[in-house]
Every structure is written in structure tokens, then in C-alpha cells.
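Below is one structure, written out as C-alpha cells; comments come after it.
The values are calculated or read from the model by the stated rules, or taken from the named source; none is laboratory data. Bear in mind that the values here come from a model prediction, so they are computed numbers and not experimental data. FYI the Cβ positions are ideal-geometry reconstructions off the backbone, even for glycines, and counts take in every protein chain you see.
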Amino acid sequence: MMYRIMKNKKKNENISVEEKVEQLVENINTENREEIKERLMFGEILSRSFGEGYKCLRKKVKNEFFNVVMTEK
């Protein structure tokens with residue numbers, strides 16, 4: 001079971017932003033489809049850039065980053 005979970009996780013990490021957005025909107029048939037795609041694309045790119053940047057940080061800086069991002073203002 002763990003092998004299947006890890007296999008699916010790796011498979012989903014390797015798809016591009018465009019492919020992921022297309023999978024999400026393939027069943028949407030509205031006039032706002034292009035706007036939805038643009039917003040999903042922006043969110044996905046932002047999420048991936050934060051994730052990649054976070055992976056490169058040292059432990060002390062990760063803690064500071066977490067405190068800044070997760071504190072409510």
C-alpha cells in the first residue's frame with residue numbers, strides 16, 4: 001500500500017503545470033474557463049516556487065520562514 005501511495009505521489013510531481021491545470025479543467029464547460037485556467041496556473045506556479053525555495057533553505061531559515069508565513073496578521 002505504501003509503495004502505491006509513493007508511486008502515485010511521484011507520478012503527480014512530475015507533471016507540468018500546464019498538464020495539471022488541463023486535468024483540473026477538462027470537465028468544465030463554462031464561459032469563464034480561460035479565466036479559471038489562468039488563476040489555477042498562477043496558483044500552481046506560486047505554490048511550486050514556494051515549495052522549491054523552501055527545500056533549499058537551511059533549518060534555521062526554514063523556521064523563520066514558517067513563522068512569517070503562518071502567523072496571522
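Here are the numbers:
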read-out	value
Flag if GLU31 is in a helix (DSSP H, G or I) and modelled with pLDDT under 85	no
Of the criteria (1) surrounded by 11 or more Cβ atoms within 10 Å (Cβ to Cβ); (2) farther than 29 Å from VAL21 by Cα, which one ILE45 fails	(2)
Selection within segment 48-73 - of a type in the set (A, V, I, L, M, F, W, C), over 25 Å from GLN23 (Cα atoms) and either under 14 Å from the mean Cα position of the chain (by Cα) or in a helix (DSSP H, G or I) (or both)	VAL61, PHE65, PHE66, VAL68, VAL69, MET70
